[in-house]
Amino acid sequence: MELTRDEERTLGGEEGETRQRMLELLVGLGKVFGASRLVPVASAQVSGASYKTIGRWGLAWLESLDAKVTVPTVLNPVGMDRERWREAGIPPDFAENQEKVLAVYRRLGVRMECTCTPYEFLPVRSGEHLAWAESSAVAYANSVIGARTNREGGPAALAAAIIGKTPCYGLHLDAGRVPQLVIRVEGFGGSGSGPDHYGGLGFLAGKIAGNRVPFFRGIRPGPDELKAMGAAMAASGAVALFHVDDVTPEARGFRPVVGRLEEHTITAGEVKDLLTGTEVEAVAMGCPHCSPAELGEISRLLRGKRIKKPLFVFTSRHVIERNPELVAGIEASGARVYADTCMVVSPMMEPFSSVMVDSGKAFAYVPSMCGALARIGTREECVAEATGTPPG
Ligand code: F3S
C-alpha cells in the first residue's frame, strides 16, 4: 500500500500511540482488501456506541484511546435516550456504563449526535468519500446520495475519524459500484394489492442479494421508502449499495450493463404475505430513525386516539428539536418518542415477548437482539395494533 510521508510518520509513532494504532488498523484493513492507498473522508459515523452491544470489553478498548477525531464524526444510536432514560425504564447501572461510553467519545471529539440518519443534518455530497459504519446509513449514503462509503466496522470507522482517511477499496471505487443482479418488482405502485411496504420488499430483496449490488426495476420509491428498503436489505442481507432505475443517482449510467445480469422477481403478493401475524405486546417504529415526514404521518394516524399497548417511536434528537408539535401530537396518545436510541440497541424491548415493527430491519433484528418475536406491518397497522382500532 502506498503511504504518504505524513502517514509514514504517523505509523512510526511520531504523533502518539493512538494515532499509530489507528493507522495500523486502517493499513491492515487496506492490505486485506487490496487497497492501493488511503483516501480522505469528509465525515465518519461510528457504530459500537451502545453499551448493550459493546459491553465492558468494548468500553475498556475505547478508554485506552487518546487522540482527537479530525473530521466531523457522529455516533450510531446508543442504548438509551440520554435525557429520558429513567422514564424509559433503563436500569441505572446500564445508564452509568452508557454514560462512560459517551464520555470517551466526547473526549475524542465526537459530536453527541446518536443516530442512524446523520444525513438529516450532516452535509453529504454526491461522490464524497465517507467512513460510516451503520449499515442503513451506509446504504442511504451510497445509494440515495451517491456518496462513497464501505460498511465500516465500529473500530475502523473510529480509526478513520481519527486519521481522517480510510482505505480506498470496494465502494470507494467505480468498479465496486456496478450492479450485480436485477430485481424486478411486480405489483407495487397502486395496482391493488394494498399499500406498498418498502421495508418488507427490502427484507425479501436482501435475502436474494446477499452482499451484492442489486439494480431494481418496477418501483418508484421516495427518499423515506429508499431508506426503509436499504435498511432492510442491509439486515436480511449485507447490501451496502443499491440502484433503482430512474430513481437513484447512479442508476442511469448502469442501464447498458443490466441486461446481462441474472434477474429475480419479487411480487407485491410476496411482500404482503410477510405482513401477517398475531397480537403483540408492544409496538415500535422508527427504524431507521424517523424523518420529519414519518413523524408527521404517525402523528396524523394517532390523532384523537389513545394507545392501549406500549407504542415507542424512535428518531434523532435533531428531528425532535425541530418538530416539537409532531412529538407532542404523538405523545398526546400516550405513545413515547425517544431520541438517541432504538428498539434494537437499547434494552427497552426486553420486557416484551412480542413486538410489532414497521421496519424490515427491525423485523430481522428484534428476535436475535431483543429476544422477542417480531411482527411486521405498515405504519397504519402498527398504530391500529397499539390503539386497538381497525386500520383505515
Ligand atoms: Fe437505526 Fe436501530 Fe434500526 S440503529 S437502522 S433504528 S436497528
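Answer yes or no as to whether residue 127 is away from the ligand (no atom under 14 Å from the Cβ) and not assigned by TED's automatic domain parsing to the domain that holds residue 225. When the stated conditions are applied, residue 127 passes them.
Could you check region 59-84 and list, in sequence order, the residues that are away from the ligand (no atom under 16 Å from the Cβ) and out of contact with any strand residue (DSSP E or B) (no Cβ under 8 Å at 6 or more places or on another chain)?
Once the filter is applied, which keeps residues that are away from the ligand (no atom under 16 Å from the Cβ) and out of contact with any strand residue (DSSP E or B) (no Cβ under 8 Å at 6 or more places or on another chain), region 59-84 yields 59, 60, 61, 62, 63, 64, 65, 66, 67, 68, 70.
The sole residue among 286, 334, 304 that is within 16 Å of the ligand (Cβ to nearest atom) and at positive phi is 286. In region 1-60, the qualifying residues are those that are basic (Lys, Arg) and over 16 Å from residue 161 (Cβ atoms), and the one that is most open to solvent (accessible area, probe 1.4 Å) is 5. From 374, 362, 339, which residue is over 29 Å from residue 272 (Cβ atoms), buried (at least 18 other Cβ atoms within 10 Å of the Cβ), at pLDDT 95 or above and within 16 Å of the ligand (Cβ to nearest atom)? 339 is the lone residue from the list that is over 29 Å from residue 272 (Cβ atoms), buried (at least 18 other Cβ atoms within 10 Å of the Cβ), at pLDDT 95 or above and within 16 Å of the ligand (Cβ to nearest atom). Applying the set (1) outside the structural domain of residue 30 (by TED's automatic domain parsing); (2) within 15 Å of the ligand (Cβ to nearest atom); (3) open to solvent by 30 Å² or more (accessible area, probe 1.4 Å) to residue 113 leaves exactly one unmet item: (1). Restrict the check to region 278-289 and report whether at least one residue is touching an Asp or Glu at 6+ places or on another chain (Cβ under 8 Å), more than 15 Å from residue 120 (Cα to Cα) and part of a loop (DSSP other than H, G, I, E, B). For region 278-289, residues touching an Asp or Glu at 6+ places or on another chain (Cβ under 8 Å), more than 15 Å from residue 120 (Cα to Cα) and part of a loop (DSSP other than H, G, I, E, B): present.
Taking every residue in region 338-365 that is outside the structural domain of residue 229 (by TED's automatic domain parsing) and of a type in the set (S, T, N, Q) and pairing it with any residue that is open to solvent by less than 10 Å² (accessible area, probe 1.4 Å) and within 9 Å of the ligand (Cβ to nearest atom), at least 6 positions away or on another chain, the pairs with Cβ-Cβ distances below 6 Å are 341/77. The test for being within 19 Å of residue 382 (Cβ to Cβ), within 10 Å of the ligand (Cβ to nearest atom), crowded, with 24+ Cβ neighbours inside 10 Å and β-branched (Val, Ile, Thr) holds for residue 344. Among the residues of region 130-150, the one identified as within 16 Å of the ligand (Cβ to nearest atom) and over 16 Å from residue 227 (Cβ atoms) is 133.
Residues in region 123-132 that are out of contact with any strand residue (DSSP E or B) (no Cβ under 6 Å at 6 or more places or on another chain) and open to solvent by less than 10 Å² (accessible area, probe 1.4 Å): 130 alone.
Just to be sure, is residue 293 open to solvent by 60 Å² or more (accessible area, probe 1.4 Å), in contact (Cβ under 8 Å) with a residue 40 or more places away in the chain and of a type outside the set (Asp, Glu)? Considered against the rule, which asks whether it is open to solvent by 60 Å² or more (accessible area, probe 1.4 Å), in contact (Cβ under 8 Å) with a residue 40 or more places away in the chain and of a type outside the set (Asp, Glu), residue 293 comes out as yes.
The values are calculated or read from the model by the stated rules, or taken from the named source; none is laboratory data. The model shown is predicted, which means the values in this text are computed figures rather than measured ones. Cβ sites come from the backbone with ideal geometry, for glycine too, and all protein chains shown count toward neighbours. Accessible surface areas use protein heavy atoms only, side chains included; no ligands, DNA or RNA. Shrake-Rupley method; radii C 1.70, N 1.55, O 1.52, S 1.80 Å.
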